[in-house]
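Notes to accompany the following structure.
Bear in mind that the values in this text are calculations on the coordinates, not laboratory data. On a predicted model such as this, the values are computed, not experimentally measured, just so you know. Here Cβ is always computed from backbone atoms with ideal geometry, including for glycine, and neighbour counts include all displayed protein chains.
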Amino acid sequence: MSFSNTDTGSKPADPYKAKNIDHATIKEKIEGLTEFISASKFGMMTTRDGSSGALVSRCMALAAKEGGGVDLIFHTNTESGKTNDISSDPHINISFLNSSGEWASAWLGDLGDGKHDGGPQDPRIGVIKVTTKTATYAVSRKNAISRVAEVAQGVITGNAASVNKLREISEEDVLTWRASNKLVQ
C-alpha cells in the first residue's frame with residue numbers, strides 16, 4: 001500500500017491507475033516496453049545538477065539496448081555537463097514519448113584541430129549506460145475516437161476512463177528478466 005495524504009474511503013485514491021492497470025506477464029510487459037522504446041528512438045534524460053540540485057532534461061538518441069532490452073545505451077559528448085551530473089548523482093530518469101513524428105538531431109562538431117573532429121577517435125565521445133531499475137508505461141487500449149468517447153463518458157458519469165493499458169515493471173521483474181536472458185545467451 002502506498003502513502004495517501006487523503007482519505008478516499010473505499011474508493012481508490014488514483015482512479016485512473018485502478019481502472020487502467022494491466023496485469024500482463026513479465027514477458028509481455030518487457031517486450032511491450034522495448035518495442036515502445038525502439039519505435040520512439042529519442043528519449044528525454046533527466047539528471048540532477050550537482051551544484052544547484054536542479055533537474056536538467058535533454059533529448060537523447062537511443063544507441064543500443066542490453067540486458068534483454070531493458071538497459072539503454074546512449075552516446076554522449078563527455079564535455080556536455082550530463083556526465084558531471086551523473087557523477088555527482090547517478091539517479092536518472094529516461095522518458096519516451098511516441099507521437100506525431102517530431103524529430104531531434106545531435107551533432108558533435110569538428111573543432112578543426114585534427115583531434116576533436118566528431119569521428120570515432122574524438123576524445124569527447126562517451127557512452128552512458130542506463131541500468132533499468134523500474135519502469136512504468138502506458139499503451140493505448142482503444143483507437144482515438146473510442147478514447148475520446150470513453151473520456152467524455154467519464155466526465156458525465158464521474159468514473160475514470162479506461163483508455164490505456166498501464167504497465168508497471170517492478171525491480172523484481174527487471175531482475176527476473178535479466179536472469180532469464182542470461183540463460184538464453
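In plain terms, the chain from residue 25 to residue 44 could stretch by 4.2 nm, reckoned as 0.36 nm per residue minus the Cα-Cα distance. Charge tally around residue 133: other residues with Cβ under 15 Å, Lys/Arg +1 each, Asp/Glu -1 each, net -4.
A straight chain from residue 153 to residue 79 at 0.36 nm per residue would run longer than the Cα-Cα distance by 21.5 nm. If R0 is 30 Å, the Cβ-Cβ spacing of residue 175 and residue 140 corresponds to a FRET efficiency of close to 0.55. Across segment 12-66, C-alpha contacts under 8 Å between residues 6 or more apart give a mean separation that, scaled by the residue count, equals a relative contact order of 24 percent. Label-to-label distance, residue 14 versus residue 87, with points set 7 angstrom from Cα along the beta-carbon direction: 3.6 nm. Under a model in which nothing but the beta-carbon of Lys, Arg (+1) and Asp, Glu (-1) is charged, segment 1-66 shows a dipole of about 100 debye around its Cα centre.
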